[in-house]
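The values are calculated or read from the model by the stated rules, or taken from the named source; none is laboratory data. Here the structure is a predicted model, which is why all the values come from computation and not from measurement. So basically every Cβ, Gly included, is an ideal-geometry build from the backbone, and we count neighbours across all protein chains shown. When the accessible area is computed, the model is the full protein with side chains, heavy atoms only, and any ligands, DNA or RNA have been set aside. Shrake-Rupley method; radii C 1.70, N 1.55, O 1.52, S 1.80 Å.
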Amino acid sequence: MDLASILGIVISFSVVVVAIFLGGNLSQFVDVPSMLIVIGGGLAATLIRFPLSGLMGAFATGSRVAFKHKKSDARSLIEKIAELADVVRRSGPLGLEEVVVSDPTLAKGVQYVTDGYEAAFIRDAMERERDLFLERLEEGQRVFKALGDSAPAFGMIGTLVGLVQMLANMDDPSAIGPSMAIALLTTLYGALIANVICMPVADKLGSKFKTEELNQSLIIDGVMQLRGNKSPDAVKEALISYLPESARTGIQASEAA
């Protein structure tokens, strides 16, 4: 799991809950109709913006990437591909059958090489899968951003509904205060959902989109190096451009050692 995402959400809600306890009663901040307006209205507005066929897949992909920490980074991928290249040079492509590969994209590419597919087929298949995955990830980012836009809007709508109901009962002054408090709860719910969950997740997906694009492109080029039976040193030299200068120097130093 991506601890940064989980901790950020937990801490944000904890701060709000603690502040509520210090200043009053938690039950005063729970109102089911307000929740229905914000959550139900936000989801309904998001359904209008996106086709239903791809909405669930995009949401699932976005949620999985946002809350799951991927262990493979560019440096470790290059080192792993170099190890695989050494296996191919020593035992041939069939030697890869004995190697455990944790990254699913790299594992699929290794399987293509082991099965003896042509280089053109491997590149086309892996690039198509990369592009479709990135498309779903980008759509997931747009879904969370749409939810983040809709939640405060429906919070305001709920507040207006509550104010209308309050003004309709102005003949009872004792009901004005509680009615006003309930009306404002929808704004609170909308602000929390948008600023604690939806918008931060959308921003995180934007940063992870770039990382996934780079890593998957690196894997495709690395698999093509394996298919071409390149040496480990040649693989590192071909893939080192994916690294920033500091990490690149580190690999070069380890090679020299």
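General observations
- Long-range amide H partners of Y117 with built H, under 5 Å: none
- Convex hull per residue volume in Å³, alpha carbons only, for the chain: 152
- Stretched out straight at 0.36 nm per residue, the stretch from D233 to A153 would grow longer than its current Cα-Cα span by 23.2 nm.
- Which listed pairs, of K145/K236; K208/K236; K145/K230, have C-alpha distances above 32 Å, in listed order: K145/K236; K145/K230
- Degrees separating the helix 176-192 axis from the principal Cα axis of the chain, which is the longest one: 10
- Solvent-accessible area per residue for the chain (1.4 angstrom probe, square angstrom): 56
- Additional length obtainable on full extension of the chain from T211 to E135, 0.36 nm per residue less Cα span: 26.0 nm
- Note: relative contact order over segment 44-133, using C-alpha pairs below 8 Å and six or more positions apart, is 16 percent.
- Apportionment of accessible area to carbon and sulfur, segment 140-226, percent (1.4 Å): 68
- ³J(HN,Hα), Karplus 6.51/-1.76/1.60, whole Hz, each residue of segment 203-214, x for Gly, Pro: 5, 5, 5, x, 6, 6, 4, 5, 5, 5, 4, 5
- Computed label-point distance, nm, for sites F67 and L26 using a 7 Å Cα→Cβ extension: 2.0
- Degrees, to the nearest 10: 245-256 long Cα axis against longest axis of the chain: 30
- Alpha carbon centroid spacing (whole Å) that separates segment 119-165 from segment 76-112: 34
- Sequence ranges 89-101, 128-140, ranked by mean other-Cβ count within 10 angstrom, highest first: 128-140, 89-101
- Counting only DSSP H runs of at least 4 residues, each contributing -39500 (n - 2.57), and dividing by the residue count of the chain, the helix-based mean residue ellipticity at 222 nm comes to -25500 deg cm²/dmol.
- Phi to ³J(HN,Hα) by Karplus 6.51 cos²θ - 1.76 cosθ + 1.60 over segment 114-124, Hz, x for Gly, Pro: 4, 6, x, 5, 5, 4, 5, 5, 4, 4, 4
- Spin-label model distance (nm) - V10 vs M56, 7 Å beyond Cα toward Cβ: 3.0
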